[in-house]
Amino acid sequence: MARIRLKSYEFRRERERSWRKLDQLVTQAEQHGVGSLRGKDLMTLPRLYRGALSSLNVARAISLDKNVLEYLEALSQRAYFTVYGVRRHLREVLATFFARAFPATVRQLRWNVLLAGVTLMIGTFAGYEITRRDSDRFYAFVSPEMASGRDPDTSTESLRGALYSTDHTQDGLGLFASFLFTHNAKVGMLCFALGFVAGIPVFLLLLTNGLALGAFWAVYAERGLGTEFWAWLSPHGVTELLAVVLCSAAGLALARSLVFPGRLPRLASLAQAGRKAGVIVLGAVVMFFVAGLIEGIFRQTVHDVPTRYALATLTAVFWVWYLGFVGRDRRAA
């Protein structure tokens, strides 16, 4: 027994200095990142790691005491993630996502985005034209919950007053706006999820959403409030509807990989498209949040029609610039 203890002591005494140095470097990297290590330490770290692994193998072979084995195993695991693991701060991950991954992925699926946008526009114009010709069709496109008392039977004064309402608690356009935001967010998520069933429901949801939007447009336009209606909707609607379109484009990407997998196996093709779709949906969720802020703050405080259109224009220009050009000079992560 004394001989085993002596062997263990001598083994630790000869190598403990390098273990402590490795422990120190790994702890510094864990707390402050690998970038905090000096150049000399970066060169030494892999050598110390290999030395710790060699010591662990020897310790197991000669059956050293349990404490030494547990220490070396824990140190080797920590050193492995420091040497080979990609450790990134949250701010770096977010910066990479929004500056490279998200806009680059949207550009890769630009034809899906265009197809989804055109489908939504077709539904909107169809809903407007059908409702303009027959106002009773409004009830076929819009549920009572979504209408919130804003239908062809509502007086012009009530419709106009709701466009400029500042009362969050009244049963007016504030309630309708909240419902519309929730509705569009649900539609966006459904369009993404239903991409797994060959994409047909994605088009149906886009058309249905467009028909409802067009029906509201027709009701307000009939009372001479079409310009004011779009001034109310556009500041947050540009971002909100674009997020719906992006979710739909992600759903269509899944549908395409499922129906036309190409040279890859169907599951591999679906997994590849799913990674791209996931990036777009995460970005769309942030866009829904931004739209909610605009709707909740700007719409309640700014009633000037030109100002509302100015913000809508700036928002549209920003998204065109951001999704179309940001990150083009860098490799997408």
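The values are calculated or read from the model by the stated rules, or taken from the named source; none is laboratory data. All values derive from a computational prediction rather than experimental measurement. Quick reminder, even Gly has a Cβ in these numbers, built from the backbone with ideal geometry, and neighbours come from all protein chains shown.
Scan the range 149-164 for residues that are in a loop (DSSP other than H, G, I, E, B) and surrounded by 20 or more Cβ atoms within 10 Å (Cβ to Cβ) and jot them down. Within the range 149-164, Arg150 is the sole residue that qualifies.
Among the conditions (1) under 30 Å from Ala221 (Cβ atoms); (2) touching a residue at least 40 places away in the same chain (Cβ under 8 Å), the only one that Ala104 does not satisfy is (1).
Based on this model, can you work out whether Phe203 counts as surrounded by 20 or more Cβ atoms within 10 Å (Cβ to Cβ), in the same structural domain as Pro306 (by TED's automatic domain parsing) and over 17 Å from the mean Cα position of the chain (by Cα)? Yes: the conditions hold for Phe203.
Restricting to the range 41-89, and then to whatever is hydroxyl-bearing (Ser, Thr, Tyr) and closer than 17 Å to Asp23 by Cβ, can you tell me which residue is modelled with the lowest pLDDT?
Per the criteria, the residue is Thr82.
Candidates in the range 122-134 are the residues that are assigned to a helix (DSSP H, G or I) and surrounded by fewer than 16 Cβ atoms within 10 Å (Cβ to Cβ); of these, the one that is farthest from the chain's Cα centre (by Cα) is Arg133.
Rundown of residues vs (1) closer than 24 Å to Val320 by Cβ; (2) surrounded by fewer than 22 Cβ atoms within 10 Å (Cβ to Cβ), yes/no style:
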position	(1), (2)
Phe216	no, no
Leu225	no, yes
Trp230	yes, yes
His236	yes, no
Glu240	yes, no
Ala249	yes, no
Phe260	no, yes
Gln272	no, yes
Val290	yes, yes
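Filtering Leu254, Leu267 for residues that are part of a helix (DSSP H, G or I) and surrounded by fewer than 22 Cβ atoms within 10 Å (Cβ to Cβ) leaves a single hit, Leu267.
For the range 57-72, give me each residue that is surrounded by 14 or more Cβ atoms within 10 Å (Cβ to Cβ) and part of a helix (DSSP H, G or I).
Ala59, Val68, Leu69, Tyr71, Leu72
Among the residues making up the range 200-221, those that are without any contact (Cβ under 8 Å) to a residue 60 or more places away in the chain and not β-branched (Val, Ile, Thr) are Pro201, Leu204, Leu205. Restricted to the range 139-154, and to residues there that are aliphatic (A, V, I, L, M) and farther than 12 Å from Leu211 by Cα, the residue that is farthest from the chain's Cα centre (by Cα) is Ala147.
Quick one: would you say Arg150 is over 30 Å from Ala29 (Cβ atoms), modelled with pLDDT of 85 or more and basic (Lys, Arg)?
No.
Screening the candidates Gly237, Gly296, Gly224 for the property of being modelled with pLDDT of 85 or more and either touching a Pro at 6+ places or on another chain (Cβ under 8 Å) or more than 26 Å from Arg107 (Cβ to Cβ) (or both) yields one hit, Gly224.
Can you find a residue that is crowded, with 17+ Cβ neighbours inside 10 Å, within 26 Å of Glu92 (Cα to Cα) and not β-branched (Val, Ile, Thr) anywhere in the range 41-56? Scanning the range 41-56 turns up at least one residue that is crowded, with 17+ Cβ neighbours inside 10 Å, within 26 Å of Glu92 (Cα to Cα) and not β-branched (Val, Ile, Thr).
The single residue among Glu129, Glu70 that is touching a helix residue (DSSP H, G or I) at 6+ places or on another chain (Cβ under 9 Å) and acidic (Asp, Glu) turns out to be Glu129. Looking only at the range 19-62, count every residue that is without any contact (Cβ under 8 Å) to a residue 40 or more places away in the chain and over 15 Å from Arg78 (Cβ atoms) and tell me the total. Here the count works out to 14.
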